[in-house]
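Beneath this line is the structure, given in structure tokens, with notes to follow.
Read the figures in this text as sums done on the coordinates, not as results from a lab. Because the structure is predicted, anything quoted here is derived from the model rather than measured. FYI the Cβ positions are ideal-geometry reconstructions off the backbone, even for glycines, and counts take in every protein chain you see.
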Amino acid sequence: MYPLKINEKYDLPNLANLWRRFTTLYTGNYLPGDMRIWVGSHPGVDIVPPVKNAPVYACLDGEVVMAENKGSYGNIVVLKHEGTYDPADFTKKTTLFSCHLHLSEIDVKKWDQVSEGTQIGKTWNTGNSTGEHLHFQIDRAESPYHAYWPFTWAEQQAAKLDFMWAVNAGLGLDNVYKYTIDPLVYLDKVDAYRNNSTPITPKVVSPVIETPKPVAPKAEVKIETPVVTTAKVEVKVETPKVVTPKVETPTIKVASLDSSVDVISADGTVQKKN
Ligand SMILES: [Zn+2]
């Protein structure tokens, strides 16, 4: 949850109309109404509270590691969030520190355990501040101290810039990226992650073990389906030529004494002898 109960979302592409609520953006500058990011080196978001002395809440479960008045920060509360979502990969855990500056009262003590939503203080204008607002910042675990600031007084002097113009000029912008994150973008992602019914866990891709398929030796059995052609059985029925044998009627010569004897043929005809 956001550290203040406000209706506006820190909707980056549409912030132009919200500059009265978010007066200075993460990596923005102090020029009124300039909603550009990545141009300045402001390491947090300045939020104008909805009412004066608005309650400030812990954005996540955590432990109070700082609750004191600290010079230009004014009254500051720093919470340590151990085991919270890693902004780079929500499936991993990391430690982050949320920092709340310029408070009026402080409602927690160092080493208190707080739950998300616990009231830790109220907004005001203490320290180096020109109007009532909450400077809200989230430091990475690697940040050397809290609330981290991206340039030192000496660096600012060397650049011959006053404090605000050093921020406007983006002095130490690389350090902003290295040691802090955009706090409200992060909290929006936490909300989205929790509300997503299917957690945004990366798909565990089990290595594809390709079991080699036993390759049966290719016996190329070409089964050629025989073309069944109905064979034309040409049955040549050769009607056998019945050759009627020439029956030669033998001339039976009947020897006779009498030469005038008739010759009788085999068919019985009698041929008269001449
Ligand atoms: Zn600020």
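Please report the spacing between the Cα centers of segment 54-118 and segment 1-45 in Å, no decimals.
With segment 54-118 and segment 1-45 each reduced to a Cα centre, they are spaced 20 Å.
Greater than 23 Å separation of Cα atoms is the criterion. Which listed pairs, LYS70/LYS122; LYS5/LYS92; LYS92/LYS189; LYS9/LYS189, meet it? Don't skip to the answer; put the middle values down first.
On the way: LYS70/LYS122 16 Å; LYS5/LYS92 28 Å; LYS92/LYS189 14 Å; LYS9/LYS189 12 Å.
Check vs 23 Å cut-off fails for LYS5/LYS92.
Between LYS5 and LYS52, with labels modelled 7 Å along Cα→Cβ, what's the label distance in nm to one decimal, could you check?
Those two pseudo-labels are separated by 2.0 nm.
Considering only Cα-Cα distances, which of the following residue pairs are longer than 31 Å: LYS80/LYS160; LYS52/LYS109; LYS52/LYS178? Please list the in-between numbers first.
Working: LYS80/LYS160 35 Å; LYS52/LYS109 23 Å; LYS52/LYS178 33 Å.
Pairs exceeding 31 Å: LYS80/LYS160; LYS52/LYS178.
Quick check on segment 12-195: take the gyration tensor over C-alpha atoms, sort the square-rooted eigenvalues as a ≥ b ≥ c, and tell me if it's rounded (a/c under 1.5), prolate or oblate.
Rounded, since a/c falls under 1.5.
Order by neighbour count: MET164, MET1, fewest other Cβ atoms within 10 Å first, most last. Present the calculation step by step, with values, prior to reporting the outcome.
Values: MET164 16, MET1 13.
So the residues, fewest neighbours to most, are MET1, MET164.
Per-residue counts of other Cβ atoms within 10 Å, averaged by peptide: what ranking do you get for 24-37, 94-107, highest first?
Values: 24-37: 18.1, 94-107: 21.6.
The peptides rank, most packed first, as 94-107, 24-37.
Taking the Cα centre of segment 1-140 as the origin, how large is its charge dipole in debye, to the nearest 20, when only Lys and Arg (+1) and Asp and Glu (-1) carry charge on their Cβ atoms? All intermediate terms of the calculation are to be shown ahead of the outcome.
Values: 14 positive and 16 negative charges, 42 e Å.
Taking the Cα centre of segment 1-140 as origin, the dipole is about 200 debye.
Using a cut-off of 11 Å between beta-carbons, work out the net charge of the residues near GLY62 (Lys and Arg +1, Asp and Glu -1, GLY62 not included).
Value of the local net charge: -4.
Compare the peptides 112-122, 153-163 by average per-residue count of other Cβ atoms within 10 angstrom and give them in order, highest first. Mind showing how you got there, number by number?
Values: 112-122: 16.5, 153-163: 12.6.
Taking the mean over residues of other Cβ atoms within 10 Å, the ranking is 112-122, 153-163.
So, how do all the Cα-to-Cα distances of segment 51-109 break down into 5 Å bins, in percent, from 0 on up?
Distribution as computed: 4, 19, 24, 21, 14, 10, 7, 1 percent.
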